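Where a number appears in this text, it was derived from the coordinates with a stated rule and is not lab data. Here the structure is a predicted model, which means the values were calculated and not measured. Every residue, glycine among them, receives a Cβ derived from its backbone with ideal geometry; neighbour counts consider all protein chains shown.
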Amino acid sequence: MAKIFSIANQKGGVGKTTTTVNLAAALAASGQRVLLVDLDPQGNATMGSGVDKRGLTQSIYQVLLGLCSVVAARQRSDTGRYDVLPANRELAGAEVEMVEIDDREMRLKAALRSHEDEYDFILIDCPPALSLLTLNGLCAAHGVIIPMQCEYYALEGLSDLVNTIKQVHRNLNADLEIIGLLRVMFDPRSTLAQQVSDQLEAHFGDKVFETLVPRNVRLAEAPSYGMPGVVFDRASKGAQAYLAFAVEMIERFRRDATPSLAGTSNSATA
Ligand code: ATP
Ligand code: MG
């Protein structure tokens, strides 16, 4: 059964897509079967996986509206060696069109249900909003990975996100928990970054991943070649960090394999 994680943060440009694409490729490189779901009309994860969003006739948009199957929309990232449910700007219309549909926040969960045995990990790249699309991502997932930059305003938005996750946990998806906060674009020479990082550790404890992803230009260059950074320049510091992050994830879930994924945060339901 796949472990399903949404990569979410309503703040824009904090490294969600970079994290999703590189974690997918790093997990695939270590032999895991991975599906990446692009839930963002920007289609950045699609392009960054080497799938051209412009020529798509079937995408996650049609899947969410029940107009085509996952199998019909699914593509292969040849560079990343994982499967992709791609997105493009058409997906922006889904927000409005789904309003008419029953169980509109459960559409993605329903679509993925019959594919969970085909993968070890399903990673969902969410858009920068607490929208119906993100809600679909949170309802379909076992957990949330929150990438964040260690800067002052990062902490402000975090409480909104944590509250949304708690509400979804309470009302819609009892499996949902915060898997962890991933510090990205980290600059170890910045005093502020160090202070924010310390605050995160003090507040969230072992929910902060050990891996620190540094700011690294190779990660930013990779998408223009349609490649995950870990494939584009495996030796770069950024790629090495995401490879280490994949190891951290695999080890964490091997360790937690019994009794269950939901085990760590069930106190919130009690
Ligand atoms: P959006 O909210 O628009 O979906 P996002 O949260 O998905 O954005 P990304 O697109 O992953 O964020 O990253 C924003 C920008 O920062 C991109 O140009 C990306 O290439 C760059 N970037 C991400 N992580 C790093 C890093 N560790 N080092 C350098 N540049 C990075
Ligand atoms: Mg993005």
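Quick look at the values:
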item: Helix-only CD estimate at 222 nm, as mean residue ellipticity for the chain, using -39500 (n - 2.57) per DSSP H run (n ≥ 4); result: -11500 deg cm²/dmol
item: Sequence-distant aspartates and glutamates (8 or more away, or on other chains) whose Cα lies within less than 19 Å of residue 109; result: 38, 40, 83, 95, 97, 100, 117, 118, 120, 125, 175, 177
item: Distance (nanometres) between label positions extended 7 Å along Cα→Cβ at residue 171 and residue 247; result: 4.2
item: The range 42-142, dipole about Cα centre (Lys/Arg Cβ +1, Asp/Glu Cβ -1), debye to the nearest 20; result: 260
item: Cβ-placed point charges (K, R +1; D, E -1), dipole of the chain about Cα centre in debye, nearest 20; result: 440
item: Length-normalised contact order for the range 3-254 - Cα pairs under 8 Å, 6+ apart - percent; result: 26
item: Translational diffusion of the range 73-126, µm² s⁻¹ [Kirkwood Rh, Cα pairs; Stokes-Einstein; 25 °C; 0.890 mPa s]; result: 188
item: Charge dipole (debye, nearest 20) of the range 136-234; +1 at Cβ of Lys and Arg, -1 at Cβ of Asp and Glu; result: 160
item: Antiparallel bridges, percent of DSSP beta bridges restricted to the range 3-254 (to nearest 5); result: 10
item: Per-pair calculated FRET efficiency, R0 = 22 Å: residue 237 and residue 195 via Cβ, rounded to 0.05; result: 0.50
item: D_trans [Stokes-Einstein, Kirkwood Rh over alpha-carbon pairs] for the range 3-254, 25 °C, 0.890 mPa s, µm² s⁻¹; result: 137
item: Partner lysines for residue 207 [C-alpha distance under 20 Å; skip if fewer than 8 residues away on the same chain]; result: 3, 11, 16, 166
